[in-house]
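Trainee: For reference, the structure I am asking about is given below.
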Amino acid sequence: MPAALQWRAWLTPCIASRRKTFTGSGVVNPGLSLSSISLQFFRPFPATTLVVGPPKTRYPWAMKELFQHATTTHGVTVRVAVNFLPEQSRIEAGKWFWVYHIRIENDADQPMQLISRHWRITDGRGEVAIVEGEGVVGEQPLLKPGQSHDYVSGCPLATAHGSMEGHYVFRCEDGRTQKIAIPHFALAAPATAG
């Protein structure tokens, strides 16, 4: 079986079981797109710290399909998938909303704990908002080597496009702190949405 079909064979039942559990729907479209996977599969989940699914070394292309943006710093990879949510937006009122799924993978040789986040959010007019805080979605996960942490959050803007980028601060087992880059990603509403 080709790798693409193996991945779909693994992913489709996962999506079906998650949708049945969280949204009550059991219908799965075998031709799922990234946006349908992100909206129907990732959004309902709480943050998790574990390694799920096929090993990324066996299906390296799958991570690129699911996450449009990625960067690695000090052995930690941060992956981002982003989608515009028209049902959460109020375009007539000048409010656009995006959801983003972050996956943090610790491929370093020591445990690391996420301590804080720093976001730089730029709207379509060039106005910049800095958002800083402890942890992510109320958690400060400790990632052992080989573990990953996933969470979903959202970003409202007063323009139909913008961008986000930033970094996390991690504390290493030896007490040092390291900045781990979050890749730059665009927030862009479809032309029909604005």
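The values are calculated or read from the model by the stated rules, or taken from the named source; none is laboratory data. Everything numeric here is computed off the predicted structure, so don't read it as measured data. No Cβ is skipped: glycine too gets one built from the backbone with ideal geometry, and neighbour counts run over all protein chains shown. These area figures cover heavy atoms from the full protein model, side chains too; ligands, DNA and RNA do not enter into them. Shrake-Rupley method; radii C 1.70, N 1.55, O 1.52, S 1.80 Å.
Trainee: Report yes if Arg125 is outside any loop (DSSP other than H, G, I, E, B) and at pLDDT 95 or above, otherwise no.
Mentor: The answer is no for Arg125.
Trainee: Within segment 97-124, restricting attention to residues that are within 15 Å of the chain's Cα centre (by Cα) and among the charged types (D, E, K, R), which residue is most open to solvent (accessible area, probe 1.4 Å)?
Mentor: Arg117
Trainee: Being of a type in the set (Ser, Thr, Tyr) and in contact with a strand residue (DSSP E or B) (Cβ under 8 Å, 6 or more places away or on another chain) is the filter; apply it to segment 152-194 and report the residue that is nearest to His118 (Cα to Cα).
Mentor: Tyr168
Trainee: Can you find even one residue in segment 49-61 that is within 14 Å of Ser148 (Cα to Cα), surrounded by 14 or more Cβ atoms within 10 Å (Cβ to Cβ) and at pLDDT 95 or above?
Mentor: no
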